[in-house]
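Visitor: My questions will all concern the structure given below.
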Amino acid sequence: MFKGILKEQTIQVGIGFVFIVVLLGTFILPEWMSNNFMYGLSRGLAVLGLMILWRTNLVSFGHALYYGFGAYAVAMAQKYLGVTDVFLRVIIAIAAAGLLGFVLGFILRRYREIFFAMLSLAFSMVLYGLLAKAEFLGSTDGMSISPSTMFGFELGRFGLFYFIGFVVILSLIFAHAYLRSSLGHLTTAIMDNEIRVEYLGYSVEKAIHIKYVISACLAGGAGGLMAAALGQVDPDSMVLWSVSGELVFVTIMAGLGNILAPFVGAIFFEFIRTYAYEFAPQAWQMIIGGTLLAIIFFLPGGLWSLFQKINPFKKEKK
Amino acid sequence: MATTEILKTTNLQKSFSGIIAAEDINISVKEGEIIGIIGANGAGKTVFVNMITGYLKPTSGSIEFNGKNITGIKPREATHIGVCRSFQVSQVFMSMTVKQNLMIAMSLSKKSGSALLDPIDDDILSKQCDKILKQYNIMKQKDLVVSTLSQGMRKLLDIAMAVVGNPKILLLDEPTSGVSVEEKFGIMDIVISALKESGTTVLFVEHDMEIVERYVDRVMAFYQGQIICDAPPKQALKDKKVIQYVLG
Ligand SMILES: Nc1ncnc2c1ncn2[C@@H]1O[C@H](COP(=O)(O)OP(=O)(O)OP(=O)(O)O)[C@@H](O)[C@H]1O
Ligand SMILES: [Mg+2]
């Protein structure tokens, strides 16, 4: 599955990109700026998950379900098992979201288009309702997350940043390996012609289910990392429909052209949000909306298409 | 020629809310046979193909393949047991190139389980793919996006994608419709010779009687959902009912 993958240009560029972001964030930039990089890198994972679904024309308006579920899995593991190890945290977040995605996938894989989108939204609202009511998880106030550790030592902000970079690189490798595989190529094939895929002997629903679980895992991982980075989980910033909306927003803004696009888009989004909020606390949503409109009109392929235009080594689509 | 029966239908019937599209279809096909299915528009040819390949569930009756009941199976199950098809309106991946189409088809038929997670463009598969592209005379177009191709090219690709699944029996729904007169025989020469070589049983729907006469061992003529004649081409094309309801 991973044969020769480190030789692929997409991965090499991706690793370089993550290195630069992490170095900028840890050594050069002031903290508020570096936070934008750290959050953008983490949430980019969820956007990547959304993008993988999107390539099959499946748009989830409720992906905060997995993002929040991953984050709350970290919170619960801390509360009941005392887990603060950062490796365990991420593994728990990914596994929890993946499991939930596996179960719900049996239902969602039967739906397409607006039904898929709305059903996803409905599930995320159920989770929101449950969490807002759950006293033992702090209901609407949420819970605080203690600093992450690694092998028993406290990790610190820089350490966490490196770790996030590491997880992102692993995810890039995995996502690329999946998309270049036979199964991954079904991604676009299904969007193009489901009947043909069935007559080639492969179950469309199964292919979508696999993709859905991968997507859930990525979103869950993002939630787990964000819980650790923010030191806090709560339903409004993790599971509310507006969080799902933001993820969809960033996916459109970033473009589907390349697996790096979600990270570029997510970092960009953190920046415009911070700036917009600072300059126009009353009208920051308007600025964000305006940005999206500008991108849709002038860069229909998303931010990534801008990179492609100026890219010295013209990229293949992957 | 082998004489084992590969396909058999018993009292096969299909109706759509009152319209009877297939009635009392009883056929028996021997391994290696090449059969032409003829009939006017709306006679029920496509419905027949759709029932055999699992696209439509018969209302009643049964289908046996190699002695096993396969009535109402799913399309992908049909593919797995070697019952494959092409389509009247080509079902290919329009947004992809010719080679990508064929690569997907080949990798799904040759790989399974975790091998599906390997990169699609491995050298061996790619070479095999080129061989088939050459065989079907679509090598020059291999990097063109399918939506830019002519009908005839799409038909060929559609058939090639069905054939790489190593079918035991192949049903082709109007392989030459939309294909120019000059291309028709070329396409059928390519397809039929490839299939004869592998001993594949073929049923193909065809409107062009020259093609039928030239390639088939036997003709099944459909009229209003029923088979009105089942005979070798010489005999069938002279049959009174066939002349009246199919050719007339
Ligand atoms: N899904 C369906 N729902 C309702 N009626 C159908 C359906 N599919 C086919 N029919 C009807 O069944 C009859 C047979 O159709 P079929 O498509 O098999 O014809 P055909 O012989 O393939 O004709 P053609 O040469 O035009 O392809 C027609 O009257 C058609 O209207
Ligand atoms: Mg037809």
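Visitor: Could you tell me which helices of chain B pass both thresholds, a Cα extent of 15 Å or more along their own axis and a mean Kyte-Doolittle hydropathy of at least 0.5, with helices taken as whole DSSP H runs?
Guide: B:151-163, B:181-197
Visitor: Then there is this: Per 10 Å bin from zero, what fraction in whole % of the C-alpha pairs of the stretch A:180-304 is there, up to the bin with the longest pair?
Guide: 11, 32, 33, 18, 6, 1
Visitor: Follow-up. What lysines sit close enough to residue A:79 to cross-link, taking a C-alpha to C-alpha distance under 29 Å and skipping anything fewer than 8 places away on the same chain?
Guide: Within reach: A:133.
Visitor: Express as a percent, rounded to the nearest 5, the fraction of DSSP beta bridges in the protein assembly as shown (both residues included) that run antiparallel.
Guide: Of those bridges, close to 60 percent are antiparallel.
Visitor: Hey, how many Å between the Cα centroid of the stretch B:22-100 and the Cα centroid of the stretch A:105-140?
Guide: Using only Cα atoms, the two centres lie 41 Å from each other.
Visitor: In a GNM of chain B with a 10 Å cut-off on Cα contacts, which of B:90, B:112, B:180 has the highest mean-square fluctuation?
Guide: B:112
Visitor: In the Gaussian network model of chain A, springs joining C-alpha atoms below 10 Å, which of A:98, A:301, A:201 carries the largest mean-square fluctuation?
Guide: Most flexible of the set in this elastic network: A:201.
Visitor: With just the Cα atoms defining each centre, how far is the stretch A:201-262 from the stretch B:187-248? Give it in Å.
Guide: Here the two parts' Cα centres lie 54 Å apart.
Visitor: Read phi for every residue in the stretch A:186-198 and hand back ³J(HN,Hα) as whole Hz from Karplus 6.51 cos²θ - 1.76 cosθ + 1.60, θ = phi - 60°, with x for Gly and Pro.
Guide: My calculation for the stretch A:186-198 gives 5, 3, 6, 4, 5, 4, 6, 6, 5, 4, 4, 4, 4 Hz in order.
Visitor: In the Gaussian network model of chain B, springs joining C-alpha atoms below 10 Å, which of B:99, B:111, B:74 carries the largest mean-square fluctuation?
Guide: Of B:99, B:111, B:74, the most mobile in the Gaussian network model is B:111.
Visitor: Next question, about the same structure. Given axes a ≥ b ≥ c from the Cα gyration tensor, I'd like to know whether the stretch B:40-185 is rounded (a/c under 1.5), prolate (a/b larger than b/c) or oblate.
Guide: In terms of gyration-tensor shape, oblate.
Visitor: Any idea what Rg and Dmax come out to for the stretch B:33-79 if you just take the C-alpha atoms, in Å?
Guide: Taking only Cα atoms of the stretch B:33-79, I get Rg and Dmax of 11.5, 32 Å.
Visitor: Okay, moving on. Over 22 Å between C-alpha atoms is what I'm after, so list which of B:45/B:240; B:8/B:168; A:206/B:111; A:206/B:45 land there.
Guide: A:206/B:45
Visitor: Enter the mean projected area of the convex hull around the alpha-carbon atoms of the protein assembly as shown, in nm², rounded to one decimal.
Guide: Result: 30.4 nm².
Visitor: Counting only Cα, what are the radius of gyration and maximum Cα-Cα distance Dmax of chain B, in Å?
Guide: So, for chain B, Rg and Dmax equal 18.1, 57 Å respectively.
Visitor: Answer with one residue from A:106, A:83, A:150: the one whose Cα lies farthest towards the positive end of the charge dipole of the stretch A:69-166, charges on Cβ with Lys, Arg +1 and Asp, Glu -1.
Guide: Of the listed residues, the answer is A:106.
Visitor: Suppose a student asked you for the relative contact order of the stretch A:5-244, using Cα pairs under 8 Å spaced at least 6 residues apart; what percent would you report?
Guide: Normalised by residue count, the contact order of the stretch A:5-244 is 41 percent.
Visitor: Another question, if that's okay. Assuming a viscosity of 0.890 mPa s and a temperature of 25 °C, what translational diffusion coefficient in µm² per second does Stokes-Einstein assign to the stretch A:1-95, Rh being the Kirkwood radius over Cα pairs?
Guide: Taking Rh from Cα pairs, D becomes 156 µm²/s.
Visitor: What is the log10 of I(q)/I(0) for chain A, computed with the Debye formula using one identical point scatterer on each Cα and no solvent, at q = 0.13 Å⁻¹?
Guide: Listed by q, the Debye log ratios stand at -0.94.
Visitor: Here is a follow-up. If you look at just the Cα atoms of the stretch A:61-205, how large are its Rg and its Dmax in Å?
Guide: 18.5, 55
Every number in this text was worked out from the coordinates using simple rules, so none of it is lab data. Computed from a prediction, not measured in an experiment: that's the story for all the values here. In this analysis, Cβ positions are derived from the backbone assuming ideal geometry, glycine residues included, and neighbour counts consider all displayed protein chains.
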